[in-house]
Amino acid sequence: MVNEQIVITDVGPRDGLQNQPIILDVGQRLQLIDAIADAGVSSIEVGSFVSPKAVPAMRGTEDVFAGLSKANGVRYTALIPNMKGYERAVAAGARAVTMVLYASDGMAKKNVNMSMLQADRVTADILTRARAEQIEVTAIIAVAFDCPFDGPTDPAVVRASTANFLSLGANQVVIADTIGAADPQQVRSLTADLVSDNGAARLGCHFHDTRAMGLANVFAAVESGVRRFEASIAGLGGCPFAPGASGNVATEDVVMMLEQMGFATGVDIKALLRASDIAEQLTGTALGGRAKPWLQKRMNKQAG
Ligand code: COA
Ligand code: ZN
């Protein structure tokens, strides 16, 4: 296990910023993205191509793409809700997109005014186009454990959807606890089944820390063999269309835990704390994760 690699995608510039009372301009969004990239995070979700009427904070993601630092080898992805989002992303120069699927009709309806099946069909069409256009597609399954509208999710739905979209050619399937309702036992059980069905190479997990179980859920998934995680700088995050959703598990917390356990994340904690400070300064609301005060104290001691 020692030095085994774990890939972290920081989704703060999308999941984090979409739900803030303050709307950042493109320059501020790029400042945050660059700081995260400077910390060695190799994959960043930099925004979404959704309706600016639905999510005003994500207006101008084209301009964000135009301003990204390209020479650093970072994989930049953007969330898309439909084919129009795919087309906007490709036109903006994205080489990777993250399409949202749903494990409940209630969430699909509220988020994108589709049924689960409609979102599935659009995703299949996107995968066909993406293969021809050599665009990498991550399919993320929202409300994979619990839905604020339809209640607990049947794990069989998530297993079927994951296997289906991996077989249709998705580069990765990520299961998302959109409202942060899952517990580690549920996560252990579902991720163990998913790994046994599909292997771990193309599986990822996305947790929110609403009930303070985000990090425990990451651990449970690690124990099942999952090696890809989404997390958010400073614990920013939440879905405007899912009541009760609060911040994602903080990238700082995830990196600290995994590195201490002996995994390699490639992330420099000191630089990550700088990115976390920037997130806090820009939004005024970021909590900074739960380990930040301790991490800062350790840094200061080392510096002194
Ligand atoms: N980007 C920008 N505009 C889009 C779009 C996209 N990806 N998809 C549709 N639109 C536009 C349409 O062109 C249309 O514009 P018009 O009113 O100027 O003609 C308008 O949005 C409505 O289109 P319609 O297909 O009827 O969609 P809708 O009103 O049912 O809304 C979505 C559907 C998907 C556009 C909207 O619900 C959305 O953007 N949801 C995203 C929610 C989100 O980001 N959630 C958090 C992350 S999971
Ligand atoms: Zn989320």
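Criterion applied to E62, E87 was being in a helix (DSSP H, G or I), free of Cβ contacts under 8 Å to residues at least 12 places away in the same chain and not basic (K, R), and the one residue passing it is E87.
Scan segment 90-123 for residues that are more than 8 Å from ligand 1 (Cβ to nearest atom) and either small (G, A, S) or in a strand (DSSP E or B) (or both) and the total you get is 16. Inside segment 162-180, residues that are open to solvent by 10 Å² or more (accessible area, probe 1.4 Å) and either over 26 Å from C239 (Cα atoms) or assigned to a loop (DSSP other than H, G, I, E, B) (or both) make up a count of 6. Within segment 137-156, being in contact with a strand residue (DSSP E or B) (Cβ under 7 Å, 6 or more places away or on another chain), surrounded by 19 or more Cβ atoms within 10 Å (Cβ to Cβ) and not aromatic (F, W, Y) holds for V137, T138, A139, I140, I141, A142, V143, A144, D146, T153. All but one of (1) over 17 Å from Q5 (Cβ atoms); (2) under 16 Å from the mean Cα position of the chain (by Cα); (3) at pLDDT 95 or above hold for V226, so report the exception by its number. Here V226 meets the rest and fails (1). Looking at segment 124-146, can you tell me whether even one residue there is more than 19 Å from the chain's Cα centre (by Cα), within 13 Å of ligand 1 (Cβ to nearest atom) and either assigned to a loop (DSSP other than H, G, I, E, B) or not aromatic (F, W, Y) (or both)? Yes, the conditions are met somewhere in segment 124-146. Would you confirm, using the coordinates I've provided, whether N72 is surrounded by fewer than 21 Cβ atoms within 10 Å (Cβ to Cβ) and more than 14 Å from ligand 1 (Cβ to nearest atom)? When the stated conditions are applied, N72 passes them. The criterion of being in contact with a Leu (Cβ under 9 Å, 6 or more places away or on another chain) and of a type outside the set (V, I, T) does not hold for A78. When D177, D183, D253 are checked against the criterion of being away from ligand 1 (no atom under 16 Å from the Cβ), among the acidic types (D, E) and either free of Cβ contacts under 8 Å to residues at least 12 places away in the same chain or within 30 Å of I22 (Cα to Cα) (or both), D253 stands alone in meeting it. Checking each residue in segment 278-295 for being more than 13 Å from P21 (Cα to Cα), in a helix (DSSP H, G or I) and hydrophobic (A, V, I, L, M, F, W, C) picks out I278, A279, W294, L295. Of all residues in segment 192-246, those that are crowded, with 23+ Cβ neighbours inside 10 Å, touching a Cys at 6+ places or on another chain (Cβ under 9 Å), in a strand (DSSP E or B) and not acidic (D, E) total 2. Scanning segment 279-290 for residues that are surrounded by fewer than 19 Cβ atoms within 10 Å (Cβ to Cβ) and aliphatic (A, V, I, L, M) yields one hit, L287. Within segment 199-252, being farther than 26 Å from V112 by Cα and acidic (D, E) holds for E223, E252. Based on what the data block shows, is L272 buried (at least 24 other Cβ atoms within 10 Å of the Cβ), touching a residue at least 24 places away in the same chain (Cβ under 8 Å), of a type outside the set (S, T, N, Q) and in a helix (DSSP H, G or I)? Against the criterion (buried (at least 24 other Cβ atoms within 10 Å of the Cβ), touching a residue at least 24 places away in the same chain (Cβ under 8 Å), of a type outside the set (S, T, N, Q) and in a helix (DSSP H, G or I)), L272 qualifies. Take the residues in segment 10-26 that are assigned to a loop (DSSP other than H, G, I, E, B) and away from ligand 1 (no atom under 12 Å from the Cβ), then tell me which one is surrounded by the fewest Cβ atoms within 10 Å (Cβ to Cβ). By that ranking, first place goes to P21.
The values are calculated or read from the model by the stated rules, or taken from the named source; none is laboratory data. Nothing here was measured: the structure is a model prediction, and the numbers come from that model. Note that we place each Cβ from the backbone using ideal geometry, even for glycine, and neighbour counts take in every protein chain shown. These accessible areas exclude ligands, DNA and RNA; they are computed on the full protein's heavy atoms, side chains included. Shrake-Rupley method; radii C 1.70, N 1.55, O 1.52, S 1.80 Å.
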